[in-house]
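Nothing in this text is a laboratory measurement; each read-out follows from the coordinates by a stated rule. Everything quoted here is computed from the prediction, not taken from an experiment. Here the Cβ positions follow ideal geometry from the backbone for every residue, glycine too, while neighbour counts run over all protein chains shown.
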Amino acid sequence: MGEAAVITVTARFRARDADALVPLLQALADHSRSEPGCLAYDYYRSGDDFTSIEHWSDAKAEAAHNDTAFLRDSLKAILPLIDGSPAVTRWQRL
């Protein structure tokens, strides 16, 4: 497949406890970057507001990532440290 298959996922959220959250996000990003099909996985911060930007080679790679025990375990630790649910958007390059 060509570049059009690349999937970009963004998630926006606000931290309740940024000091506790940042190391968890760094560990998740580091681990995710080593997964097959991960082209980039980064977090950006402005105060207590965070955005993640993930690039996956295709929907299959993203789905495999979403099905990892590491992600499930990470989310169990991360979700209590943020306000509400993250606003997740899946994008496909044109």
Original post:
What are the residues in the stretch 60-94 that are hydrophobic (A, V, I, L, M, F, W, C), surrounded by 15 or more Cβ atoms within 10 Å (Cβ to Cβ) and touching a helix residue (DSSP H, G or I) at 6+ places or on another chain (Cβ under 9 Å), if any?
Top reply: Leu71, Ile78, Leu81, Ile82
Original post:
Just wondering, is there one or more residues in the stretch 56-66 that are of a type outside the set (Ser, Thr, Tyr), in a strand (DSSP E or B) and in contact with a Lys or Arg (Cβ under 7 Å, 6 or more places away or on another chain)?
Top reply: no
Original post:
Which residues, counting only those in the stretch 67-94, are of a type outside the set (D, E, K, R), in a loop (DSSP other than H, G, I, E, B) and over 15 Å from Ala27 (Cα atoms)?
Top reply: Leu94
Original post:
Do you know which residues across the stretch 1-40 are part of a loop (DSSP other than H, G, I, E, B) and without any contact (Cβ under 8 Å) to a residue 40 or more places away in the chain?
Top reply: Gly2, Ser34, Glu35, Pro36, Gly37
Original post:
Filtering the stretch 25-59 down to residues that are crowded, with 16+ Cβ neighbours inside 10 Å and of a type in the set (A, V, I, L, M, F, W, C), which residue is nearest to Trp91 (Cα to Cα)?
Top reply: Trp56
**OP:** Being among the aliphatic types (A, V, I, L, M), under 20 Å from Ile82 (Cα atoms) and over 12 Å from the mean Cα position of the chain (by Cα) is the filter here, so list the residues in the stretch 5-48 that pass it.
**Re:** Ala15, Ala18, Ala20, Leu21, Val22
Original post:
Filter the stretch 49-92 for residues that are in contact (Cβ under 8 Å) with a residue 60 or more places away in the chain and within 12 Å of the chain's Cα centre (by Cα); which is farthest from Ala5 (Cα to Cα)?
Top reply: Pro86
